[in-house]
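Working notes for the structure below.
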Amino acid sequence: MKRRREFIALVGAAAVLPLVARAQQSTKVYRIAIMHPSHPITELNELSRFRYYREFFGELRQLGYIEGHNLEIERFSAEGRVDNYTKLARDVAARNPYLVFAISVSLVVALKETTSTIPIVAMTSDPIGHGIAASIARPGGNVTGVTVDAGLELWAKRIQLLREFVPTISKLAILAVRRNPERAAMQETAEKAGIQVVGPSFVDDGSEEEYRRLFARMSQEGAEALFVDGSPEHITKRQLIGELASQYRLPAIYPFRSFVEAGGLMAYGIDLVEIFRQAARVTDRILKGAKPGDIPFYQPTKFEFVINRKAAQDIGLLSSEPLLARADEVIE
């Protein structure tokens, strides 16, 4: 038994040594910053309850960047306060980190307006439409990163999936952060499908009170189903959104699986875990000397369809067996 323990210890050490060796190849310590519009800074780490953060930091570790050795990380959150984005961007820029990983189009734009020299790894929708990049292949300037915009045609697919659950949908509510341009595509998709959009239900301050007020309004206007956009503010409030959708018996489809894991009905969209891994790889390239403007934006290619069977039962929906069979995962 003792030898077996010694062998296991040696194997474990052998697995760790290459990472430490890579981290010690250079005595340089890289100081980077991470910005999120609403997640608490206590979640922005390798032990986060969000798998995509764990994968981001794990990927950095595999690439040879180990916090406390050759990597120093400063974490910033706007704590859901939209009016705090500009000040937060200025505070981060004033710290003059080697690089900033900024999540959400609003923070990226605010940071880009604040600095033209600090490299920015952006996680954003439509970098060209928002004026963040000159092109996907050659962004130019000090910003590159990953885009969560997998094409507006995804909303047509989501309409199709909703209709397989609820074939009689005639009125649809849209829960969207006001400044997110995705809402226009959501509305256009619904109208093309012959579905009336009730509302609009725009989120401004992101408070719990505002979400409760908007859901009550959706119900009063006769909404029969719900679209939720991919804004980070919604991800932070995903459990509340799921609870309110259940309370008002609204079948909802979301852009990310984290909503379904928190009790939402179903999601069809990109794999955020892969997106965060790619963000870590872009970070690595910049830390090794590449110019952000020369690094193409990464565009997602992997999609997943997830259903929460219990959420369907809670609002009185019968799950279609063919639909369940097509899901990448069914959460019971």
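The values are calculated or read from the model by the stated rules, or taken from the named source; none is laboratory data. Since the model is a prediction, treat every value here as computed from it, not as a measurement. Neighbour counts are summed over all protein chains in view; Cβ atoms, including those assigned to glycine, are modelled from backbone coordinates with ideal geometry. The area values use the complete protein model at the heavy-atom level, side chains included, leaving out ligands, DNA and RNA. Shrake-Rupley method; radii C 1.70, N 1.55, O 1.52, S 1.80 Å.
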request  = Note the full-extension length gain between residue 137 and residue 62 as 0.36 nm times their separation in residues minus their Cα-Cα distance, in nm to one decimal.
outcome  = 24.4 nm
request  = Once every Cα of the stretch 37-170 carries one equal point scatterer and solvent is ignored, give the base-10 log of I(q)/I(0) from the Debye formula at q = 0.09, 0.14, 0.17, 0.21 Å⁻¹, two decimals.
outcome  = -0.35, -0.76, -1.02, -1.31
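Hey, any idea what Rg/Rh is for the stretch 155-236, computing Rh the Kirkwood way over Cα pairs?
Using Cα coordinates only, the ratio equals 0.95.
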query = In degrees between 0 and 90, to the nearest 10, how far off the longest principal axis of the chain does helix 208-220 point, with axes built from Cα atoms?
reply = 30
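Averaging the inverse of every distinct alpha carbon separation and then flipping it gives the Kirkwood radius. What is it for the chain, in angstrom units? Please list the in-between numbers first.
Numbers: mean 1/r = 0.0473 Å⁻¹.
That comes to 21.1 Å for the chain.
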remark   = For the stretch 268-309 (alpha-carbon point model, no solvent) the Debye-based log₁₀ I(q)/I(0) at q = 0.29, 0.33 Å⁻¹ works out to -1.00, -1.12
query = Accessible surface of residue 301 in the full protein assembly, 1.4 angstrom probe, to the nearest 10 Å²?
reply = 110
key: Added length on full extension, which subtracts the Cα-Cα distance from 0.36 nm per residue, residue 168 to residue 220   = 16.9 nm
ask   = Can you work out D for the stretch 188-246 in µm² s⁻¹ from Stokes-Einstein, where Rh is the Kirkwood radius over C-alpha pairs, the temperature is 20 °C and the viscosity is 1.002 mPa s?
value = 175
ask   = From Cα coordinates alone, what are the radius of gyration and Dmax values for the stretch 96-254 in angstrom?
value = 17.3, 55
key: Net length gained if the chain between residue 51 and residue 299 were fully extended (0.36 nm per residue, minus Cα distance)   = 87.3 nm
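To the nearest 0.05, what FRET efficiency results for residue 325 and residue 212 with a Förster distance of 30 Å applied to their C-beta separation?
0.25
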query = So, counting K/R as plus one and D/E as minus one, what does the shell of residues with Cβ under 12 Å around residue 89 add up to?
reply = +2
query = In what sequence, highest mean first, do 305-313, 323-331, 170-178 appear when ranked by Cβ atoms within 10 angstrom?
reply = 170-178, 305-313, 323-331
query = To the nearest 10 degrees, how steep is helix 85-95 against the longest Cα principal axis of the chain, on a 0 to 90 scale?
reply = 0
task = Measure up 157/237; 87/171; 157/291; 112/171; 157/310 against 32 Å on the Cα-Cα distance and list the ones that go over.
result = 87/171; 157/291; 112/171
request  = Bin width 5 Å, alpha-carbon pairs only: give the P(r) of the stretch 222-279 as whole percents, running from 0 to the bin holding the largest distance.
outcome  = 4, 20, 30, 24, 12, 5, 3, 1, 0
For the stretch 94-137, the Rg and Dmax computed from alpha carbons only, in angstrom = 10.1, 30
note = Expressed in angstrom and ordered largest first, the alpha-carbon extents of the stretch 227-332 along the principal axes are 55, 29, 19
